[in-house]
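What follows is a single structure, written as structure tokens, with notes after it.
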Amino acid sequence: MKEENMETIRLLYPDFVGGGLETYYFGANLLQHILPQNEKQPLYRVNVAPPDGEERSITRGIYGKEDVLKGIKEAVAILEEVKPRRVITIGGNCIVSQASFDYLHGIYDNLGIIWIDTHPDVSSVRDGYPHPHSYVLRTLLGRGEPELGALMENRNFKPDEVLFVGLQDLHAYQEQFLKEMNIAFKVQSDDFISDDEIERFISRFDHILVHLDVDVLDAKLFHSTYFANKDLVGDGSGSGKMTMEKLSEILEAIAKSADIVGFTIAEYLPFDEHNLHKMFSKLKIFTE
């Protein structure tokens, strides 16, 4: 049933192909139960087929391109039909912010993005990493891969409309892109960006989008992140360094000062819980 002009919805978007790891799917579906329940926020699901154990091909430098594009298109279709004023996007990997942030940019004029992440997500096919979860902010800025950019329906975000929180050491090509785009950034290996800096950024905008990549947390302290799995190397980046307490402080400071109209939670990777699930799935008593 079509429900128009909903105030706030939750968009369950368990894309795993964009990050090349099946646990993204499991993590998104688990995360929907971890978030505070709220009957006023109906849940809509992007129909991502469950992992099947099959490897996807790399097409024009992008792993699983057709699956990724299909998910973005379906997310856009849901948002355009329901027409919410606020969107909580439950991922999945970081690619899930593209549809909701672009959609909300079509509603609100004076809109800033707070990107809470260990990485800037401004990579491209040319950088040699095929998983498009690392491309998403570059696409929102209008400099993404053509087939991803073609799915954007509203104007590009401007360089001064982005604030990085939790950013760690960059690859040379990421730093070069940020400098070419004249995007202000601070590598926060020693000290995180201050609450005052966050509040000054917020004060410039009427509305704020928050992208929270769980891997901003220190993998030694929080084990449901990419870098807690020693077998994974990704694009060679390192772990976040933030504690849960610091992240909570930052989020509360944002919520106190900003009108948050979009909030993405991405890259939650509960490896232990996923392994339990797979173990029990092998037992007939649970499956017959």
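Data for the structure
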{"quantity": "Test for Leu69: is it over 23 Å from Leu151 (Cβ atoms) and part of a helix (DSSP H, G or I)", "calculated": "no"}
{"quantity": "Among (1) outside any loop (DSSP other than H, G, I, E, B); (2) touching a helix residue (DSSP H, G or I) at 6+ places or on another chain (Cβ under 7 Å) - the single one Leu232 does not satisfy", "calculated": "(1)"}
{"quantity": "Cβ-Cβ under 8 Å pairs, at least 6 apart or on other chains, segment 148-172 side touching a residue at least 60 places away in the same chain (Cβ under 8 Å), far side among the basic types (Lys, Arg) and open to solvent by 30 Å² or more (accessible area, probe 1.4 Å)", "calculated": "Leu151/Lys73; Gly166/Lys241; Gln168/Lys241"}
{"quantity": "Identity of the residue in segment 157-211, in contact with a Lys or Arg (Cβ under 8 Å, 6 or more places away or on another chain) and small (Gly, Ala, Ser), that ends up least open to solvent (accessible area, probe 1.4 Å)", "calculated": "Gly166"}
{"quantity": "Boolean, Val76 is surrounded by fewer than 24 Cβ atoms within 10 Å (Cβ to Cβ) and either within 21 Å of Tyr25 (Cα to Cα) or among the small types (Gly, Ala, Ser) (or both)", "calculated": "yes"}
{"quantity": "Ser189 being farther than 30 Å from Val17 by Cα and not basic (Lys, Arg)", "calculated": "no"}
{"quantity": "When residues of segment 20-49 are limited to those that are closer than 17 Å to Leu276 by Cα and assigned to a loop (DSSP other than H, G, I, E, B), the one least open to solvent (accessible area, probe 1.4 Å)", "calculated": "Leu21"}
{"quantity": "Of the criteria (1) among the β-branched types (Val, Ile, Thr); (2) under 13 Å from His211 (Cβ atoms); (3) open to solvent by 10 Å² or more (accessible area, probe 1.4 Å), which one Thr89 fails", "calculated": "(3)"}
{"quantity": "Matching residues in segment 50-73 - criterion: being of a type outside the set (S, T, N, Q), exposed (fewer than 15 other Cβ atoms within 10 Å of the Cβ) and touching a Lys or Arg at 6+ places or on another chain (Cβ under 9 Å)", "calculated": "Ile58, Glu66"}
{"quantity": "Any hit, segment 92-103, residues being more than 11 Å from the chain's Cα centre (by Cα) and either at pLDDT 95 or above or closer than 28 Å to Arg200 by Cβ (or both)", "calculated": "yes"}
{"quantity": "Criterion violated by Asp109 - all others in (1) buried (at least 21 other Cβ atoms within 10 Å of the Cβ); (2) part of a loop (DSSP other than H, G, I, E, B); (3) among the acidic types (Asp, Glu) satisfied", "calculated": "(1)"}
{"quantity": "Filter result (among the β-branched types (Val, Ile, Thr), out of contact with any Lys or Arg (no Cβ under 7 Å at 6 or more places or on another chain) and not in a helix (DSSP H, G or I)) within segment 88-106", "calculated": "Thr89"}
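Table: residues versus (1) in contact (Cβ under 8 Å) with a residue 12 or more places away in the chain; (2) outside any strand (DSSP E or B); (3) in contact with a Phe, Trp or Tyr (Cβ under 9 Å, 6 or more places away or on another chain); (4) among the β-branched types (Val, Ile, Thr).
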residue: Phe227; (1), (2), (3), (4): yes, yes, no, no
residue: Lys246; (1), (2), (3), (4): yes, yes, yes, no
residue: Thr264; (1), (2), (3), (4): yes, no, yes, yes
residue: Asn275; (1), (2), (3), (4): no, yes, no, no
residue: Phe280; (1), (2), (3), (4): no, yes, yes, no
residue: Phe286; (1), (2), (3), (4): no, yes, yes, no
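The values are calculated or read from the model by the stated rules, or taken from the named source; none is laboratory data. These figures come from a predicted structure and were not determined experimentally. FYI the Cβ positions are ideal-geometry reconstructions off the backbone, even for glycines, and counts take in every protein chain you see. Heavy atoms of the whole protein, side chains included, go into the accessibility calculation; ligands, DNA and RNA do not. Shrake-Rupley method; radii C 1.70, N 1.55, O 1.52, S 1.80 Å.
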